[in-house]
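The values are calculated or read from the model by the stated rules, or taken from the named source; none is laboratory data. Source: prediction; values computed, not measured. Cβ placement follows ideal geometry from the backbone for every residue including glycine, while neighbour counts extend to all protein chains displayed.
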Amino acid sequence: MVSIAFTGGGTGGHIYPGLAVAAQLKKLLLGIEFRLFWIGSSSGMDMTLVKEAGIEFFGVPSGKLRRYFSLRTIVDFFKVVGGFFAARKILKKQKAVLLFSKGGFVSVPPCAAASSLRIPVFTHESDFSPGLATRLNTRFVMRTKGTIFTAYEDTARFFPPAVRKRVTVSGNPVRDIFRKADSAKGRAFLGLGEEARILLILGGSQGALQINELVRAALVQLTEVYTVVHQSGPNLAWDIPANDRYKPYPYIKEELPHVMAASELVMGRSGAGVWEWAVLGKPMLLIPLRGAGTRGDQVENARFFQSAGAALVLGEDVTAQSLVQAVNSLARDDEKRRSMAEASAKIGEKDASEAIARILADKLKDFMGEKG
């Protein structure tokens, strides 16, 4: 039996798209005997999300990749080295014939290990410009004649000319449940009727202090028009009781696609998750993460969605007042929301999960053919 390895993690933005590809791959390989497993961080959310999806999980040590010096870099260096040898042992023992990486710092040691074993490496970049992990993994893709998948057409220009021949524009993988989301189920979960206009605010699975503080300051005015559904993260800093116009949740899980389908507007950061919004054709209000702790990738992502006509981007100087003005201007303008929804849906119409899975399936079938 042949084995296919997946890797990636650290955040849901690196795990959920990988799970979407894995689900499609299982469909395409129906009737073929194979097994699929995932190599991820031995700490964090990786194991929980992967096992919930019914995929075998192997944890390895992982260290954060930094572009700046820190004493923790020394400790993390040894974790990365340990991750390489642990991943190499797993790949060899499980007899993997290809590796798909969804990125994140945890993916680098498994990709390096696969390359050392001459296992073809395939990787996907969700952001407009490639992150450090993707840049490092590129050399392993080139060495094993794999493929670099990108969400955006223009991402290829960030790579050297010799690498671009290995780049395939796929869009960003999104779980199939978003394509099948039911707004009626979302309203039932929220306890809202058809007449309620819903503003969904996503503070992130780990919470987002800036967004949460904006919601607190603007809530009274926002709820004059909308029922505000607020995914706040687990550490909300105030105790405002839920009511008919304000529904806070630390984390919305299985119900999120249906809640999103029922929403008129969606607001939040501009990581890989915005592609889920696009699949559902939602007008977006984006507040990209900025500052010393980010390389500016969310600003680039947000700029793309804004230039496509799918989003309004609120700058780093956003205030409660400017947020209310932006929300109210869209609430009053049916035609603007309609055009944004159409632009959003156009971005999300390509099924990246199937496109990537098909290439992986063809590679696997070629391997099986060679082995007779």
Given (1) of a type outside the set (Phe, Trp, Tyr); (2) buried (at least 18 other Cβ atoms within 10 Å of the Cβ); (3) under 30 Å from residue 120 (Cβ atoms), number of the condition residue 362 does not satisfy: (2)
Odd one out for residue 312 among (1) farther than 18 Å from residue 214 by Cβ; (2) in a strand (DSSP E or B): (1)
Segment 92-147, subset of a type in the set (Lys, Arg) and under 19 Å from the mean Cα position of the chain (by Cα), residue farthest from residue 360 (Cα to Cα): 135
Identity of the residue in segment 49-83, part of a loop (DSSP other than H, G, I, E, B) and of a type in the set (S, T, N, Q), that ends up modelled with the highest pLDDT: 62
Selection from segment 189-248 of residues that are among the β-branched types (Val, Ile, Thr) and in contact with a helix residue (DSSP H, G or I) (Cβ under 9 Å, 6 or more places away or on another chain): 198, 201, 215, 225, 227, 228, 229, 240
Residue 219, sole failed condition from (1) modelled with pLDDT under 95; (2) surrounded by fewer than 23 Cβ atoms within 10 Å (Cβ to Cβ): (1)
Residue list for segment 323-372, filter: under 19 Å from residue 310 (Cβ atoms), of a type in the set (S, T, N, Q) and free of Cβ contacts under 8 Å to residues at least 40 places away in the same chain: 329, 339
Elements of type strands (runs of 3 or more DSSP E) contained in segment 217-281, each with 2 or more residues being polar (S, T, N, Q): 227-231
Condition check for residue 146: among the small types (Gly, Ala, Ser), outside the structural domain of residue 256 (by TED's automatic domain parsing) and free of Cβ contacts under 8 Å to residues at least 60 places away in the same chain: yes
Filtered residue count, segment 185-204, keeping only those that are in a loop (DSSP other than H, G, I, E, B) and crowded, with 20+ Cβ neighbours inside 10 Å: 2
Those residues of segment 292-313 which are touching a residue at least 12 places away in the same chain (Cβ under 8 Å) and either over 21 Å from residue 134 (Cβ atoms) or touching a Pro at 6+ places or on another chain (Cβ under 6 Å) (or both), in sequence order: 298, 299, 302, 306, 308, 309, 310, 311, 312, 313
Of the criteria (1) in the same structural domain as residue 125 (by TED's automatic domain parsing); (2) within 27 Å of residue 307 (Cβ to Cβ), which one residue 162 fails: (2)
Out of 99, 91, sole residue that is under 15 Å from residue 357 (Cβ atoms) and either at pLDDT 95 or above or part of a loop (DSSP other than H, G, I, E, B) (or both): 99
Hey, residue 156 over 24 Å from residue 80 (Cβ atoms), not basic (Lys, Arg) and not assigned by TED's automatic domain parsing to the domain that holds residue 243 or not: yes
Helices (runs of 4 or more DSSP H) wholly inside segment 128-184 containing at least 3 residues that are closer than 23 Å to residue 12 by Cβ: 132-144, 176-179
Residue match in segment 188-197 (condition: on the phi > 0 side of the Ramachandran plot and touching a Gly at 6+ places or on another chain (Cβ under 7 Å)): no
